[in-house]
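K.L.:
Pasting a structure below so you can have a look.
The values are calculated or read from the model by the stated rules, or taken from the named source; none is laboratory data. A quick note: this is a predicted structure, and the numbers were derived from the prediction, not measured. Cβ coordinates were reconstructed from backbone atoms using ideal geometry, including for glycine residues, and neighbour counts include every protein chain displayed.
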């Protein structure tokens, strides 16, 4: 199911609705404050309610409320006070959309459904009380727009009959498990109903009247596609919903934690994390002879100036594959050793070390000592590249990670960019080109996961390169992870940074942190990316960068080359 530009269902992020309902108390400005709070929490939609009271209650109830039971005496005045006009709803709809939110509303009667149809809403919510209201459901179904149905106060038979009728009408809908009590205590939540509702083959979510954020988080971990939660500015407000609603700061926490749950639940596929690959290599038993010894074979000459990644002491072995270029990966200790001085019929790219002792190499660091040591290591890499270049074709290139990683906190971009400029100003390139590699959002270092803070976004990369004259090594896997984390187009990313690209790393990617995955085993749609990638690989030097691809005689790298052969003409 799709609402606006958001897909809803398994494999997509949880669609989060901030239920404003009547918690605005009839005050348009309060409604706008609630929309602002929802936008700041980064939900997907806000939801209001619309009633045509004369269609729902007799004139006597509306005019002589005191003659009726206590719940009428309590609710009717509140419903009268909180009802908004067409113009007010229209203004709030535009206000929400201007804040990047979808505006959804619940009609409680045919007149209100007509009202919302004229308003142009993109989706309808059906309240639990109307799950069996055939006339209302039929009127809303005519719109051919997504319907979100709460199942509170309904029996399983009633739910089944409604689902059957909606399927017969070919309606697009989702079911929300709901308990229509205020509040719902954990022992009453009956969350296993979410699993049972999935048997209808439609998206299933949760509309919560519970207190706090624990139950919605459990629901997210169960794979609910939609979570609806009430929001208020003051839990002491008049009306039934305020006391079970979240305050703005609580909504922010809930959205944050649901997004974490989304990441944890994103797939049933099994793939190895970067840290697992390292630990597997370090700890797993390999047998007496160290494992497989088959010699991989490149099935077809790859496109363009293709190459392989090697350590300094692997150069002779890697040249057996006759690559057009070689990317030599250095560690800090490699500078203490030489390499076999002979003529290599390939272009040279040298990748600077990522580590300095027990620290990350970081040209963006706010720590002057780390920054100075990083400058020194990059200069050593350049010096080594100049020396080695005499044994290779053309002018070598040096690839550098800018840095800007942190463990637990988010760093501001401006000082990171300024520090990178200062660092590069102290480096002498000695006539060779220094390329800055785009970085992933959640990289793995020292066996743990870090957070990227800079040189990940296509806009900031292009801005930096245009402003300094530096160019970039495009890491396709890193770019895909960033685009996945930010819900952006990988093709658009590449198009934007294309003028700055001088070398390419090719690998697949999984989710937001699975980098260096073998081609075809991750999320990247290489068929869709083919025109853009073909152009890059035909123009620049490039290498497959599959994790641990150098193992077993470069087997992983060769497999990647063979899988990429479809890109050749």
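K.L.:
How many of the residues making up region 347-366 are in contact with a strand residue (DSSP E or B) (Cβ under 9 Å, 6 or more places away or on another chain) and either surrounded by fewer than 22 Cβ atoms within 10 Å (Cβ to Cβ) or assigned to a helix (DSSP H, G or I) (or both)?
P.N.:
5
K.L.:
Tell me which of these residue 262 doesn't satisfy, since it passes every other one: (1) part of a helix (DSSP H, G or I); (2) within 20 Å of residue 3 (Cβ to Cβ); (3) in contact with a strand residue (DSSP E or B) (Cβ under 9 Å, 6 or more places away or on another chain).
P.N.:
Here residue 262 clears every test but (3).
K.L.:
Quick check on my filter: what residues within region 453-471 are surrounded by 17 or more Cβ atoms within 10 Å (Cβ to Cβ) and over 22 Å from residue 411 (Cα atoms)?
P.N.:
470, 471
K.L.:
When you scan region 1-68 for helices (runs of 4 or more DSSP H) that lie fully inside it, which ones turn up with 1 or more residues that are more than 19 Å from the chain's Cα centre (by Cα), in contact (Cβ under 8 Å) with a residue 40 or more places away in the chain and surrounded by 14 or more Cβ atoms within 10 Å (Cβ to Cβ)?
P.N.:
Qualifying helices (runs of 4 or more DSSP H): 28-41, 53-56.
K.L.:
Quick check, is residue 559 at pLDDT 90 or above, touching a strand residue (DSSP E or B) at 6+ places or on another chain (Cβ under 9 Å) and in a helix (DSSP H, G or I)?
P.N.:
Yes: the conditions hold for residue 559.
K.L.:
Listed residues 375, 370, 303, 295; which is over 24 Å from residue 431 (Cβ atoms) and assigned to a helix (DSSP H, G or I)?
P.N.:
370
K.L.:
I've got another one for you. Test of understanding: among 382, 399, which residue is buried (at least 21 other Cβ atoms within 10 Å of the Cβ), touching a strand residue (DSSP E or B) at 6+ places or on another chain (Cβ under 8 Å), touching a residue at least 60 places away in the same chain (Cβ under 8 Å) and at negative phi? Walk me through how you get there before you give the answer.
P.N.:
Working: 382 fails: touching a residue at least 60 places away in the same chain (Cβ under 8 Å).
None of the others qualify; the one that does is 399.
K.L.:
Would you be able to tell me the number of residues in region 412-453 that are in a loop (DSSP other than H, G, I, E, B) and within 15 Å of residue 473 (Cα to Cα)?
P.N.:
4
K.L.:
Across region 131-142, what is the total count of residues that are touching a strand residue (DSSP E or B) at 6+ places or on another chain (Cβ under 7 Å) and surrounded by fewer than 18 Cβ atoms within 10 Å (Cβ to Cβ)?
P.N.:
Of the residues in that region, 0 qualify.
K.L.:
OK, next. Could you list, in sequence order, all residues of region 208-223 that are touching a residue at least 60 places away in the same chain (Cβ under 8 Å) and within 16 Å of residue 186 (Cβ to Cβ)?
P.N.:
Narrowing region 208-223 to residues touching a residue at least 60 places away in the same chain (Cβ under 8 Å): 220, 223.
Scanning region 208-223 gives a single hit, 220.
Condition check ((1) buried (at least 17 other Cβ atoms within 10 Å of the Cβ); (2) modelled with pLDDT under 65; (3) more than 30 Å from residue 442 (Cα to Cα)) across all residues:
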site	(1), (2), (3)
241	yes, no, yes
245	yes, no, yes
252	yes, no, no
255	yes, no, no
259	no, no, no
263	no, no, no
267	no, yes, no
289	no, yes, yes
292	no, no, yes
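K.L.:
Let me ask something else about it. Assess whether residue 319 counts as being under 23 Å from residue 504 (Cβ atoms) and either in contact (Cβ under 8 Å) with a residue 60 or more places away in the chain or not in a helix (DSSP H, G or I) (or both).
P.N.:
When the stated conditions are applied, residue 319 does not pass them.
K.L.:
Related question: I'd like to check something: does region 385-394 contain any residue that is in the same structural domain as residue 509 (by TED's automatic domain parsing), touching a helix residue (DSSP H, G or I) at 6+ places or on another chain (Cβ under 8 Å), touching a residue at least 12 places away in the same chain (Cβ under 8 Å) and not in a helix (DSSP H, G or I)?
P.N.:
No: zero hits.
K.L.:
Then there is this: Is at least one residue of region 407-426 in the same structural domain as residue 509 (by TED's automatic domain parsing), closer than 16 Å to residue 329 by Cβ and surrounded by fewer than 17 Cβ atoms within 10 Å (Cβ to Cβ)?
P.N.:
No: region 407-426 contains no residue that is in the same structural domain as residue 509 (by TED's automatic domain parsing), closer than 16 Å to residue 329 by Cβ and surrounded by fewer than 17 Cβ atoms within 10 Å (Cβ to Cβ).
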